[in-house]
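Let me begin by presenting the structure, written as structure tokens, before commenting on it.
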Amino acid sequence: MSRLRKMMPTEQNPNRDGRPILIILHQERSSPGRVGQLLVEKGYRLDIRRPVLGEPLPTTLEDHAGAVVFGGPMSANDPDDFIKKEIDWIDIPLREKRPYLGICLGAQMLVHHLGGKVQPNADGSTEIGWYPLHPTEKGRLLMHWPKMVYHFHREGFELPRGADLLAEGDAYPNQAFRYDGNAWGLQFHAELTRVMMHRWVVHGAHRFILPNAQQGREHLEGRMLFDAPLRAWLTEFLDIVFEGKAAKATSSIALRA
């Protein structure tokens with residue numbers, strides 16, 4: 001059964017018709033973190049569902065303002081029934097042209113649904129920690145991007161046919177893309193709160209020995225240096241995804257890039 005987060009309407013509520021945003025999580029104790037906090041601040045309710053626990057996904061998004069599919073420790077290539085069903089379900093927001101935002105696993109599921117490959121680098125390298133982000137020309141025209149972003153993954157994805165690449169990375173080239181106007185995929189994590197990052201650093205410490213992974217102290221030190229611009233970017237990015245707003249400072253992007 002879904003859990004609908006309630007919020008008192010305000011004059012600044014941009015979601016005038018009151019439809020919630022569907023939030024899909026992949027672990028019992030996972031949360032939508034900063035994405036959820038910002039969406040609530042913007043006036044949305046959150047309809048939180050966990051297919052891994054048997055909670056059903058809606059057969060249409062007519063009653064939702066869009067969907068966010070978050071990450072998780074599983075792979076889009078896993079044979080589990082809930083993974084296959086969730087990947088198939090992505091046809092609904094695509095067909096109905098509803099806003100879809102996939103983060104890490106959610107982006108990889110979107111790629112898988114579109115026929116693209118999800119796989120690790122041949123050299124076994126990971127992105128676990130803070131790494132540079134390089135917007136493409138199409139990305140720079142869309143908005144201003146942060147220079148450093150946070151990662152926690154061992155697999156990447158190829159760019160789906162027909163998608164626009166918005167940002168690139170060094171170890172894993174494809175970092176952000178847009179497909180058919182309404183669907184977005186991000187390889188990196190902008191949603192982590194301070195508490196979430198501390199939890200990930202503790203429970204994920206065994207992965208810090210993997211190739212190209214950073215140590216826990218680098219994760220936390222990087223947050224002090226790079227988190228503020230990442231949060232500012234996320235605030236604006238969510239407006240673009242769910243409200244179709246143009247970036248606030250597109251005229252100055254070239255000067256700041």
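The values are calculated or read from the model by the stated rules, or taken from the named source; none is laboratory data. All of these numbers come straight from a predicted model, not from anything done at the bench. Every residue, glycine as well, gets a Cβ built from its backbone with ideal geometry; the counts of neighbours run over all protein chains shown. Protein only, heavy atoms only, side chains kept; ligands, DNA and RNA dropped before computing areas. Shrake-Rupley method; radii C 1.70, N 1.55, O 1.52, S 1.80 Å.
Taking the condition of being farther than 16 Å from residue 27 by Cβ and either touching a Pro at 6+ places or on another chain (Cβ under 6 Å) or assigned to a helix (DSSP H, G or I) (or both), how many residues in the range 95-105 meet it? Residues flagged as farther than 16 Å from residue 27 by Cβ and either touching a Pro at 6+ places or on another chain (Cβ under 6 Å) or assigned to a helix (DSSP H, G or I) (or both) within the range 95-105 amount to 3.
When 178, 140 are checked against the criterion of being surrounded by fewer than 20 Cβ atoms within 10 Å (Cβ to Cβ) and part of a helix (DSSP H, G or I), 140 stands alone in meeting it.
Taking the numbered list (1) charged (D, E, K, R); (2) on the phi > 0 side of the Ramachandran plot; (3) surrounded by 19 or more Cβ atoms within 10 Å (Cβ to Cβ) in turn, residue 127 passes all entries but (2). Taking the stated definitions as given, is residue 132 closer than 19 Å to residue 223 by Cα and in contact with a Pro (Cβ under 8 Å, 6 or more places away or on another chain)? Criteria not met by residue 132. Of all residues assigned to the range 215-228, none qualifies as being modelled with pLDDT under 95, farther than 18 Å from residue 191 by Cβ and of a type in the set (Gly, Ala, Ser).
When restricted to residues that are surrounded by fewer than 20 Cβ atoms within 10 Å (Cβ to Cβ) and either assigned to a helix (DSSP H, G or I) or touching a Phe, Trp or Tyr at 6+ places or on another chain (Cβ under 6 Å) (or both), the range 187-196 contains 3.
May I ask you to list the residues in the range 136-153 that are charged (D, E, K, R), in contact (Cβ under 8 Å) with a residue 24 or more places away in the chain and out of contact with any Asp or Glu (no Cβ under 8 Å at 6 or more places or on another chain)?
140, 147
Of the residues in the range 123-133, at least one is in a loop (DSSP other than H, G, I, E, B), under 19 Å from residue 192 (Cα atoms) and in contact (Cβ under 8 Å) with a residue 60 or more places away in the chain.
Take residue 118 and decide whether it is surrounded by 22 or more Cβ atoms within 10 Å (Cβ to Cβ), under 18 Å from the mean Cα position of the chain (by Cα), at pLDDT 95 or above and closer than 22 Å to residue 166 by Cβ. Against the criterion (surrounded by 22 or more Cβ atoms within 10 Å (Cβ to Cβ), under 18 Å from the mean Cα position of the chain (by Cα), at pLDDT 95 or above and closer than 22 Å to residue 166 by Cβ), residue 118 does not qualify. Among the residues of the range 197-209, what is the count of those that are open to solvent by less than 10 Å² (accessible area, probe 1.4 Å) and touching a residue at least 60 places away in the same chain (Cβ under 8 Å)? Within the range 197-209, residues that are open to solvent by less than 10 Å² (accessible area, probe 1.4 Å) and touching a residue at least 60 places away in the same chain (Cβ under 8 Å) number 1. Tell me whether the range 197-215 contains one or more residues that are on the phi > 0 side of the Ramachandran plot, over 16 Å from the mean Cα position of the chain (by Cα) and part of a loop (DSSP other than H, G, I, E, B). Yes, there is a match, as at least one residue in the range 197-215 is on the phi > 0 side of the Ramachandran plot, over 16 Å from the mean Cα position of the chain (by Cα) and part of a loop (DSSP other than H, G, I, E, B). The residues on offer are 213, 183, and the sole one that is touching a Phe, Trp or Tyr at 6+ places or on another chain (Cβ under 6 Å), open to solvent by less than 30 Å² (accessible area, probe 1.4 Å) and farther than 17 Å from residue 147 by Cα is 183.
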